[in-house]
Structure formats: structure tokens, C-alpha cells
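Below is one structure, written out as C-alpha cells, with a few remarks after it.
The values are calculated or read from the model by the stated rules, or taken from the named source; none is laboratory data. Quick caveat, the model's predicted, so the values are computed rather than measured. For neighbour counting, all protein chains shown are included, and Cβ atoms are generated from backbone atoms with ideal geometry for every residue, glycine included.
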Amino acid sequence: MTDIYAVLGNPIAHSKSPFIHQLFAKQTQQDLVYRAELVPLDAFAQTVSQLRAEGLKGCNVTVPFKLEAWLLADQLTPRAKDAGAVNTLVFQDGVILGDNTDGAGLVRDIQVNLGVGFAGKRVLLLGAGGAAQGVTQPILAEHPASLTICNRSIAKAQHLQTTIAPSAEVITFDDLAGRQYDIVINATSAGLTDQQLPLPNGLFAERALAYDMMYGRETPFIAFARQQGTQVADGLGMLLEQAAEAFFVWRGIRPDTAVLISGFQE
Ligand code: NDP
């Protein structure tokens, strides 16, 4: 019998997940279908229970339901617990397991696909929202020399520091002047509205990487980094890698993302 998976969100029409997972299924010869479900804003739990009754094996969860998914899960993986959000649900033996594959996806994209290691590097994470929270622990696990979290509202960054990252330093954009970093990750949503972040000249060290979690458009952050002569990358690789990690959680087999990443960029 063909297994069924889905991505749940609102809106959902733009999601690339069905396309990506069908590619993974074809590549790994797994018998499954993956569909997109538009979930009413007030009916996440109800929709999950309906889908489980229909026999779904699992689902991905996207905006705005990652926190609700975290609350709904009967069990959480350690990385989902740290992230405070769930992007992958597994339905098995009457139990809902919540996982978060965003951090693993980001780390793999930067280290494996882009060939930039975190070990010994000065890392700057811009933003302290859901995406930043999901990647903080996975970055720290790679032993950077330092992790600095910079957020517009300092309280949110301090909360992140207190709850999951006591070894991280917390600053605001005003504190960035005169500092240099080897890896700068933009986990703010400023690019969605084409807003420029107040970043100083000289922020990027020699041979630094500027990584924007957003994909599909040239954000002001990427434009600024290019202008500073820095290597840049967007979040498409992260999207593929977090999907591959979810696929692995469900199916126990890891798709070859390298082939797909080059296909996407053509
Ligand atoms: P949240 O809404 O949870 O957080 C938004 C963050 O952006 C906050 O830290 C907020 O700061 C900051 N921010 C927003 N506008 C500005 C601005 N003009 N100047 C400075 N800071 C700003 O969003 P998420 O964390 O869920 O998502 C962040 C980004 O990551 C999105 O663009 C999303 O598309 C992307 N993403 C990509 C993924 C991928 O697979 N490639 C996966 C997940 C997310 P403040 O606290 O001060 O409001």
C-alpha cells in the first residue's frame, strides 16, 4: 500500500515540499505520495487527527503551525525540545512524535554542500525568532570559536540565551560596529519585505560566508555581502537538507541531495 505524507501550513500553495519529496521518493524508490494541505488557522489539531484517521504516516509543518505542532506532539526528540518548534511529525503506534530538522538542514548545507566548517569560527546569527532558535544548538554542537546572537529586540535574544544557549553572546545591531565574523547567518525575516539590516562595513572577515535562510530572491543582506566582496549563499540548500532529514526520519533512507541542489540551480 502506498504510504501518504503531507505538508501542513497556511498559506501552502507556494510550498516546494511536495515537489522535493516526490523527487526524493523517485530517487530512493520509495512507494509514497506527498501532498500539500491548507489547514484552517484555527484547526491544526483537528486536521492532524483527521489525517491520522486517514492513515497518514507523517507530515511536515510550516508557518504558522510549528509551535502548535510542538505542543501537540506526545513525544519530542531532543533537538525539537531545544528548538521549541516542530517541523516534522511522525505518526506511529498511536503516538505523535515531534522532530525539528531545520538545524540539521542548515548545518549540513553549510558544512557539506558549501564546504565551510563551523569549528573554530566566529559565528554571527542575525535574528532570534523561530528559525534562529531551531539552529542555535545544532550550530553550537559543531564547536564554533564563538556564537553571537544579534537581534533587534534584545529580550528575545536573551530568552534564547537563557533557555538553550548560555555560551552564546547576545547583542543588538548597534553593537556590531568594529566586530568581524567568519560566518554570518541571516535568520531574520527582514528580507521578506526587502528591508536592509543595519550592518556595518567590515563585518565580514576575510573568506567569510554570508548565508541568508531566505531563498528565491536576492535579499538586501545578500546584496550587501556581495558588495563587501564576501561569499554568499541562500537558504535553498537548507530547505532541501531539512526535507531530506525529515525523509530520513520517516523512511530510514537518506536522499542524495547534491544531485538535486545542482538541478534546482540550473
Ligand atoms: P520569526 O517571525 O519567528 O522571526 C523573525 C525574526 O526576524 C525576529 O528575530 C525579528 O526580530 C527579525 N526581524 C524581522 N524584521 C526585521 C527587521 N526589519 N530588522 C531586524 N530584524 C528583523 O521568523 P522565522 O524565524 O520563522 O523565519 C525567519 C526567516 O527564516 C524567514 O525569512 C524564513 O523564510 C526563513 N526560514 C528558512 C528556512 C529554510 O529552510 N531555508 C527554514 C525556516 C525559516 P524581532 O525579534 O526584533 O522582531
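Is the stretch 126-136 home to any residue that is crowded, with 19+ Cβ neighbours inside 10 Å, under 15 Å from residue 183 (Cα atoms) and among the polar types (S, T, N, Q)? Within the stretch 126-136, one or more residues are crowded, with 19+ Cβ neighbours inside 10 Å, under 15 Å from residue 183 (Cα atoms) and among the polar types (S, T, N, Q). From the list 243, 233, the one residue that fits, being modelled with pLDDT of 95 or more, surrounded by 20 or more Cβ atoms within 10 Å (Cβ to Cβ), farther than 28 Å from residue 145 by Cβ and within 11 Å of the ligand (Cβ to nearest atom), is 243. Taken together, the residues in the stretch 128-145 that are polar (S, T, N, Q) and in contact with a Leu (Cβ under 9 Å, 6 or more places away or on another chain) amount to 2. State whether one or more residues within the stretch 93-102 are away from the ligand (no atom under 16 Å from the Cβ), of a type outside the set (Asp, Glu) and under 20 Å from residue 237 (Cβ atoms). No, because not a single residue in the stretch 93-102 is away from the ligand (no atom under 16 Å from the Cβ), of a type outside the set (Asp, Glu) and under 20 Å from residue 237 (Cβ atoms). Exactly one residue among 80, 119, 53, 43 is among the hydrophobic types (A, V, I, L, M, F, W, C) and surrounded by 18 or more Cβ atoms within 10 Å (Cβ to Cβ), and that residue is 80.
Please go through the stretch 11-40 and give me each residue that is more than 17 Å from residue 243 (Cα to Cα) and surrounded by 18 or more Cβ atoms within 10 Å (Cβ to Cβ), ordered by number. Correct list: 39 only.
Rundown of residues vs (1) over 30 Å from residue 8 (Cβ atoms); (2) without any contact (Cβ under 8 Å) to a residue 60 or more places away in the chain, yes/no style:
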{"residue": "194", "(1), (2)": "no, yes"}
{"residue": "201", "(1), (2)": "yes, yes"}
{"residue": "212", "(1), (2)": "no, yes"}
{"residue": "218", "(1), (2)": "no, yes"}
{"residue": "225", "(1), (2)": "yes, yes"}
{"residue": "234", "(1), (2)": "no, yes"}
{"residue": "237", "(1), (2)": "no, no"}
{"residue": "256", "(1), (2)": "no, no"}
{"residue": "260", "(1), (2)": "no, no"}
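Filtered by the rule that a residue be surrounded by 13 or more Cβ atoms within 10 Å (Cβ to Cβ), within 10 Å of the ligand (Cβ to nearest atom) and among the aliphatic types (A, V, I, L, M), the stretch 160-198 gives 160, 185, 187, 190, 197. Kindly establish whether residue 216 is modelled with pLDDT under 95 and on the phi > 0 side of the Ramachandran plot. Yes, satisfied. Residues being among the polar types (S, T, N, Q) and either more than 16 Å from the chain's Cα centre (by Cα) or away from the ligand (no atom under 15 Å from the Cβ) (or both) are entirely absent from the stretch 114-134.
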